[in-house]
Amino acid sequence: MLRVFASALIAAQLFVATTVIAHAQEAPADVLFILDSSASVSRDDWRGKASDPNDLRLTAVRAFIRLATPSMRIGLVNLSDSLSGNEGLDRSTALQTGLVINLTTANTRGKAVLYEAVASMRTTHQAGLEDGFTYTSRALSLTERVLGSSDAPQKYAIVLTDGDMTGEDPRGWWTNAVRLKERGVNVVVLRLNRREPPGLTNSELQQLNATLASRGGGAHCGPPRGSARVLPADVLRHQCHNIR
């Protein structure tokens with residue numbers, strides 16, 4: 001089962017990477033990953049099993065970096081609790097929502113720095129910190145500020161989360177996602193969990209996909225058994241059918 005989960009997640013990310021790189025060959029692209037680091041990602045709790053106990057989301061990001069071209073810039077945002085300093089622009093801890101690394105050119109030197117940034121990421125559970133809330137709306141507001149200053153013709157925000165939002169309206173971040181889309185950012189949400197949390201149920205994931213589907217964005221399935229079974233027409237159609 002874990003092998004199926006790993007291959008599905010990585011295949012999904014690689015498919016998105018291929019799509020972005022194809023566009024980047026014609027025009028530069030900026031890609032910002034928003035990575036859930038809440039405790040539910042790596043630890044079982046009363047709500048269900050850990051959504052990514054083997055850090056496969058980080059493996060997927062490394063694969064993306066490996067495929068990236070120098071015409072791309074890549075950045076990482078940690079999705080967790082309160083904002084880090086400077087309204088999230090300062091480097092974050094596992095318990096803070098903030099930049100891990102700003103948009104960095106994917107040349108040889110830049111990739112080395114990006115790999116180090118990915119390797120530094122921990123969930124609050126892995127870092128031995130107390131549980132916090134999960135403020136997706138703050139993470140996407142930060143994403144809007146970072147990509148808002150980008151003049152790249154292609155802009156992507158790729159969110160990897162288990163959808164288990166706490167501390168805020170679990171659906172409030174949808175507004176942020178739609179606003180990003182209106183500003184020309186392709187928003188891709190990849191759900192990584194085996195349960196239906198209040199923030200991103202299967203039916204709502206399908207609704208969000210319909211909202212974000214234009215311009216190459218969307219909300220898509222993650223692991224097998226209990227995850228959303230969305231088969232969007234634009235991205236990941238042939239990846240999802242194997243894990244229904």
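Here, each number is a calculation from the coordinates, and none is a lab measurement. No experiment lies behind these values; they were computed from the predicted model shown. Backbone-built Cβ (ideal geometry, glycine too); neighbour counts: all protein chains shown.
Structure notes:
- Gly75 long-range amide H proximity, modeled H, under 5 Å: Val31, Leu32, Phe33, Thr104
- For Gln154, the residues whose amide H sits under 5 Å from its own are Asp30, ignoring neighbours fewer than 5 places away on the same chain, with H placed 1.01 Å from N.
- Label-to-label distance, nm, for residues given as Gln206 and Arg179 (7 Å Cα→Cβ offset): 2.9
- Packing here is the average count of other Cβ atoms within 10 Å per residue, and on that basis the peptides 108-121, 61-74, 135-148, highest first, run 135-148, 61-74, 108-121.
- Simple spin-label estimate for Asp45 and Thr108 gives 4.5 nm between the two label positions (7 Å along the Cα-to-Cβ direction from each Cα).
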